[in-house]
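The values are calculated or read from the model by the stated rules, or taken from the named source; none is laboratory data. It should be emphasised that the depicted structure is a prediction, and the values quoted were computed from it without experimental measurement. Note: ideal-geometry Cβ built from the backbone for every residue, glycine included; neighbour counts use all protein chains shown. These area figures cover heavy atoms from the full protein model, side chains too; ligands, DNA and RNA do not enter into them. Shrake-Rupley method; radii C 1.70, N 1.55, O 1.52, S 1.80 Å.
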Amino acid sequence: MTEEPARWTKATVYPDMWVDPADDPRDNQGPGPEGELATLQDFLSGYRMTLRMKCEGLDAEQLARRTVPPSTMSLLGLIRHLAEAERDWRNWFTDGDPLPKLYGARDADFHGAVGDQAVVDASYADLEREQAATDAALAEYSDLGARMRKDNIAIRELLVHRIEEYARHCGHADLLRECLDGRVGQ
């Protein structure tokens, strides 16, 4: 007998999708955004929502479970890692001392992802707070070509890097979730 979960999807229209188009909160059924900044923000928002969708319906133990050994990654670890990344990105362009790490030493975001509902709730709150703070700090820059303090990075480059980070981790979330309970879909 195998312990591999059976593959399944909630989608009924397209079996390779996560949900049906009518139920997908990322699909606005209208024209795409106008302009470069709005387009970048739309992609970032979509990947953020995708990560949350991959975590929906799971309890604290499932969110914290490391389903692809020997990796220390878990869905909860990804939530915590991205909260840490949002904070770190602000260090790239704010003056003064760097903000302290949220979870401590390197990889503490993954190692501290334990199956406790209080940890889950705090991790989601951390992610929302750090996303809002980084979004607000970046909103101060109207020119996407403006260069920031650390490494002279352009606002545009930072926004693209944020999208890339979320997209990459959504790919990890696909695999982690499928190994956890068999749910598939892009």
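Odds and ends about this structure:
- Single residue of segment 1-36 satisfying the filter (of a type in the set (A, V, I, L, M, F, W, C) and open to solvent by less than 70 Å² (accessible area, probe 1.4 Å)) that is farthest from D135 (Cα to Cα): A11
- Filtered residues of segment 127-147 (kept if small (G, A, S) and free of Cβ contacts under 8 Å to residues at least 12 places away in the same chain): A132, A136, A139, S142, G145, A146
- Here segment 138-186 is the region considered, the condition is being among the small types (G, A, S) and out of contact with any strand residue (DSSP E or B) (no Cβ under 7 Å at 6 or more places or on another chain), and the residue that is farthest from P21 (Cα to Cα) is S142.
- Taking the criterion of being surrounded by fewer than 17 Cβ atoms within 10 Å (Cβ to Cβ), assigned to a helix (DSSP H, G or I) and at pLDDT 95 or above, the residues of segment 86-118 that qualify are Q117, A118.
- Being without any contact (Cβ under 8 Å) to a residue 60 or more places away in the chain, in a helix (DSSP H, G or I) and open to solvent by 50 Å² or more (accessible area, probe 1.4 Å) is a property that does not hold for D174.
- Test for Y124: is it of a type in the set (S, T, Y), touching a residue at least 40 places away in the same chain (Cβ under 8 Å), part of a helix (DSSP H, G or I) and surrounded by fewer than 18 Cβ atoms within 10 Å (Cβ to Cβ): yes
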